[in-house]
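Have a look at the structure below, then the notes.
The values are calculated or read from the model by the stated rules, or taken from the named source; none is laboratory data. In this text, all values refer to a predicted model and were calculated from it rather than measured experimentally. Glycine also receives a Cβ, built like all others from the backbone with ideal geometry; neighbour counts cover every protein chain displayed. Protein only, heavy atoms only, side chains kept; ligands, DNA and RNA dropped before computing areas. Shrake-Rupley method; radii C 1.70, N 1.55, O 1.52, S 1.80 Å.
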Amino acid sequence: MNLRGVLSNWELFAGSPQAVPRLRELILQLAVQGKLVPQDPKDEPASELLKKIKLEKERWAKEGKIKRDKPLAEIEEEEKPFELPNSWVWGRLGEITNYGATTKAGALLPTTWVLDMEDIEKSSGRLLQRILFSERPALSDKNCFVKGDVLYGKLRPYLNKVIVADEDGICTTEIIPFRCYGDFEPRYFQIALSSPLFLDYVNARSYGMKMPRLGTEDARNAVLALPPLAEQSRIVTRVQELMQLCDALEAKVTLEAQQHETLLRTLLATLTQSASGEDLAQNWQRVSDHFPLLLDRVEAIDALEQTILQLAVRGLLVPQNPTDEPASALLKKIRAEKDKLIAMGEMKRDKSLQSNTQVEAPISLPVGWSSVSLSELGDFRSGKTPNTGTPRYWGGSIPWISSKDMKSPVIVDSEDHITQAALDDGLAIVPEQSILIVVRSGILRRTLPVAVTAVPVTVNQDLKALVLVQRDLAEYLHLLLRGWEQFILTNLTKVGTTVESVRFDDFASFPFPLPPLAEQHRIVTRVTELRQLCAALRSRLAQSSQIQAQLAQALVAECG
């Protein structure tokens, strides 16, 4: 199959996140293999171009423009990854270009272009911003470059930052400017250094763990396929045309995703705005008819699951039963039991919470429900980190929980454990079926990490634990906070600047709607069933995406 065939079929697989990036890789791969444009027998062969390059390099050396460098080794057969077209030749980067022979910057004008790695978009070779010396004073060593130089980012080369300079300037020493000896098409070298073959080479030879770099000698020894000069220009033109098609396809996919998100959000909003169970049933039927179209991506299933939670905590997911003991009676029992625990010293007296919020829950309470603050249902407790310099506190069997452990909705263990000695010296333990919430000067904004403890744990200072008077409320309260997450984060008072948060007192005193205990259990059961269906949808979607990716890969392989 040729590239035209791939392009004509690619939209079938564009739902795969890597579809267009893989297509871009394919284009570059075909370009450097001589399969993207036809060869012209009238072109001067690359062997003649290579001879001219060597003669020009020798002339530069005689004139003192460059130092004579150590000859590079002959290219062995095993270094050649594919068979070249007849008019092409193999060459090493350091043989063809002056890679590594940099010139340091001297005095600079305010209008001098100063290029850093962050100014180049990864993979695309697009210049994101052009900053002058007057805006970014260069305080350390910089490399000079001139218009037409290829600029290669050797730091973290997997980011694939390669551009061609469109004017003179200076750049960080993590960018290597180079040019060919004699005539060359710099944009072809940009293509060659951005191709999957070159990326495989540099990734295998980069050194350094956190900030890998490509060494100069490894770069100079890299093997490149060199086409005739005229064909280099044709390749560049064709690649630019095809990349514009990729841009259009990518823009189309992005637009479709945005339109899909708007449609999904609008339709799911009709569910959460339902006034009654009967109204919900009608709205659900309208939406469910379109589920195959709507639920074709993971984000849509996530949105559906969040909608299910919102319906649950608004009393719309299961029917009310008039024989259920009302929530008001449940709250009286909890208050009486809490007073006993306070008298016994097992819970602290209720703290006077200074709430600034005037926001009310945007629903009418169903029959049998009551409004209640979380602080009425138990005792908020904070934690701390045991002294890390006391070895006898660590390595025990009691899970010690910090914010990094809050990825799971149910806490059963942690990476760190403490000993009984830490408890004996004053660290508090939180019983099972407690609610854990991340706090940093308030409830963490943008997400609301909430979890339930399945075993007794201790917590660090970044967490608040709500120890419940009646522990069988825990599962429903977890659903409650997940279902009201966006309302909490959007409407309650914000504090902080670096990490914007919701005021804890506003959160702890906010009047949440609470159903009868029996209805809570029905809601938890129903949500569990629906979440299992969502999990099945995700699994089926993952299998479909995997098949799409395999088909896309097969198309690419057939062209490679």
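Within the bounds of region 369-379, is there any residue that is in a loop (DSSP other than H, G, I, E, B) and either over 25 Å from LYS348 (Cα atoms) or touching a helix residue (DSSP H, G or I) at 6+ places or on another chain (Cβ under 6 Å) (or both)?
Yes; the residues of region 369-379 include at least one that is in a loop (DSSP other than H, G, I, E, B) and either over 25 Å from LYS348 (Cα atoms) or touching a helix residue (DSSP H, G or I) at 6+ places or on another chain (Cβ under 6 Å) (or both).
So if I check each of ARG205, ARG213, ARG238, ARG187, which one is open to solvent by 60 Å² or more (accessible area, probe 1.4 Å) and closer than 18 Å to ARG92 by Cβ?
None of the others qualify; the one that does is ARG205.
Restricting to region 82-102, and then to whatever is over 38 Å from the mean Cα position of the chain (by Cα) and over 18 Å from PHE198 (Cα atoms), can you tell me which residue is most open to solvent (accessible area, probe 1.4 Å)?
ASN86
Tell me which residues, restricted to region 95-117, are touching an Asp or Glu at 6+ places or on another chain (Cβ under 9 Å) and among the hydroxyl-bearing types (Ser, Thr, Tyr).
THR112
Could you check how many residues of region 389-405 are open to solvent by 70 Å² or more (accessible area, probe 1.4 Å) and closer than 23 Å to LYS464 by Cβ?
Summing the residues that are open to solvent by 70 Å² or more (accessible area, probe 1.4 Å) and closer than 23 Å to LYS464 by Cβ in region 389-405 gives 1.
Residue by residue through region 24-63, note down the ones that are outside any helix (DSSP H, G or I), of a type in the set (D, E, K, R) and open to solvent by 80 Å² or more (accessible area, probe 1.4 Å).
LYS35, LYS42, GLU44, GLU63
Is there any pair with a first residue in region 116-127 that is under 17 Å from LYS154 (Cβ atoms) and aliphatic (A, V, I, L, M) and a second that is part of a loop (DSSP other than H, G, I, E, B) and open to solvent by less than 30 Å² (accessible area, probe 1.4 Å) whose Cβ atoms are under 9 Å apart and which are 6 or more apart or on different chains, and what are they?
MET117/LYS161; ILE120/LYS161
Would you please name the residue that is surrounded by the most Cβ atoms within 10 Å (Cβ to Cβ), looking only at residues in region 142-162 that are within 23 Å of GLY106 (Cβ to Cβ) and touching a residue at least 40 places away in the same chain (Cβ under 8 Å)?
This residue is TYR152.
Does at least one position in region 500-522 carry a residue that is at pLDDT below 85 and β-branched (Val, Ile, Thr)?
yes
Given the criterion of a type outside the set (D, E, K, R) and touching a Pro at 6+ places or on another chain (Cβ under 7 Å), identify the matching residue among LEU229, LEU268, LEU280, LEU214.
LEU214
For a quick check of your reading of the model, give me the residue pairs whose first member lies in region 301-323 and is on the phi > 0 side of the Ramachandran plot, whose second is open to solvent by less than 70 Å² (accessible area, probe 1.4 Å) and assigned to a loop (DSSP other than H, G, I, E, B), with beta-carbon atoms closer than 7 Å and at least 6 apart or on different chains.
GLY315/PRO366; GLY315/TRP369; GLY315/PRO515
Six or more apart or on different chains, Cβ under 9 Å: which pairs go from a residue in region 47-68 that's within 21 Å of VAL223 (Cβ to Cβ) to one that's open to solvent by 100 Å² or more (accessible area, probe 1.4 Å) and among the hydroxyl-bearing types (Ser, Thr, Tyr)? Could you list them?
Hits for this filter: zero, empty list.
For region 194-216, state whether one or more residues are closer than 29 Å to GLN546 by Cα and outside any helix (DSSP H, G or I).
Checking region 194-216: at least one residue is closer than 29 Å to GLN546 by Cα and outside any helix (DSSP H, G or I).
Hey, among the residues in region 146-164 that are assigned to a strand (DSSP E or B) and closer than 24 Å to GLY182 by Cβ, which one's nearest to the chain's Cα centre (by Cα)?
So the residue we want is VAL162.
Hey, does region 412-424 have a residue that's in contact (Cβ under 8 Å) with a residue 24 or more places away in the chain and under 24 Å from ASP506 (Cα atoms)?
Checked region 412-424: no residue is in contact (Cβ under 8 Å) with a residue 24 or more places away in the chain and under 24 Å from ASP506 (Cα atoms).
Confirm whether LEU108 is over 24 Å from MET211 (Cα atoms), open to solvent by 30 Å² or more (accessible area, probe 1.4 Å), of a type outside the set (Asp, Glu) and over 37 Å from the mean Cα position of the chain (by Cα).
In short, yes.
Considering only region 131-141, I want to know if a residue exists there that is among the hydrophobic types (A, V, I, L, M, F, W, C), out of contact with any strand residue (DSSP E or B) (no Cβ under 8 Å at 6 or more places or on another chain) and either over 23 Å from GLN240 (Cα atoms) or open to solvent by less than 60 Å² (accessible area, probe 1.4 Å) (or both).
yes
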